[in-house]
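Report on the following structure.
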Amino acid sequence: MKCFIGLPAAKEAVPHLCELQKRAFSIDPASRIIPAENFHVTLAFIGEITPEQAQLVAQGVDIMTDFSSRSWSITRSGRFVRPKVFYVSGERYEPIFHLAREAAEILHTLNIPFDEKSRFTPHITVLRNSHLDEPVVTHPFEWPILRARLFESKLDEDGKHVYVPI
């Protein structure tokens, strides 16, 4: 099973993200829209693990710090050239970096390999296969921080990716 540790989107943030996504897609219609139910911040990308390993990771994630009384201000957008994703994000916010370090500690403790090559850059992907470089965040908004979760990336019956909390 293909997994990652992430922060799910709070219901309050989804309409703002959808509005930004719609604005970005109108400028870059050749891109691919991320379904709203897949909005998240990845703290650690794990990749393939066994169901037994997933159970252990989920137990560790359940005891990660709870920052649910806080929120991250989404103030800007950007693009990663590889893998061609357009995202929204905000200024460096220490609680999110703290959670990413906790996720890495859990995985190290369990001897489960994960992607450590990439520099952690918290963001919410809104478009894939995008070439957009224009800013789309005109009105900053808050991303309420929900508890971290272990997600499984699956394909639905239409062959589209869905991220299912474990």
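The values are calculated or read from the model by the stated rules, or taken from the named source; none is laboratory data. Predicted, not measured: the structure shown is a model, and the values here were computed from it. Cβ placement follows ideal geometry from the backbone for every residue including glycine, while neighbour counts extend to all protein chains displayed. Calculation scope for accessible area: heavy atoms of the full protein, side chains included, ligands and nucleic acids excluded. Shrake-Rupley method; radii C 1.70, N 1.55, O 1.52, S 1.80 Å.
At a glance:
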| read-out | value |
| --- | --- |
| Fraction of alpha-carbon pairs over 13 Å apart in segment 27-69 - percent | 74 percent |
| Check: the chain dipole with +1 on Lys, Arg Cβ and -1 on Asp, Glu Cβ, in debye | 460 debye |
| 222 nm mean residue ellipticity, helices alone, for the chain (DSSP H n ≥ 4; -39,500 (n - 2.57); rounded to 500) | -8000 deg cm²/dmol |
| Helix runs (DSSP H) in the chain reaching 18 Å along axis by Cα, Kyte-Doolittle at least 0.0 | 14-27, 94-109 |
| Inter-part distance where segment 29-48 and segment 120-160 are each reduced to a Cα centre, Å | 5 Å |
| Extent along principal axes [Cα atoms of segment 33-108; Å; largest to smallest] | 37, 29, 23 |
| Segment 1-159, accessible surface, carbon-and-sulfur percent (1.4 angstrom probe) | 52 percent |
| Value of relative contact order over the chain, rounded to a whole percent, pairs C-alpha under 8 Å and six or more apart | 39 percent |
| At 1.306 mPa s and 10 °C, Stokes diffusion of the chain via Kirkwood alpha-carbon radius, µm² per second | 97 µm²/s |
| Given charges at Cβ of Lys, Arg, Asp, Glu: the chain dipole, positive-most of Cys3, Pro35, Val81 | Val81 |
| Highest-MSF residue in the chain out of Arg101, Arg119, Arg147 [GNM, Cα springs under 10 Å] | Arg119 |
| Chain lengthening between Arg32 and Arg128 when straightened (0.36 nm per residue, less Cα-Cα) | 34.1 nm |
| Computed Rg/Rh of segment 1-57, alpha carbon atoms with Kirkwood Rh | 1.11 |
| Most mobile listed residue (Leu20, Leu146, Leu110) in the chain, GNM with C-alpha springs under 10 Å | Leu110 |
| Rg/Rh for segment 69-166, where both radii come from Cα atoms and Rh is the Kirkwood radius | 0.98 |
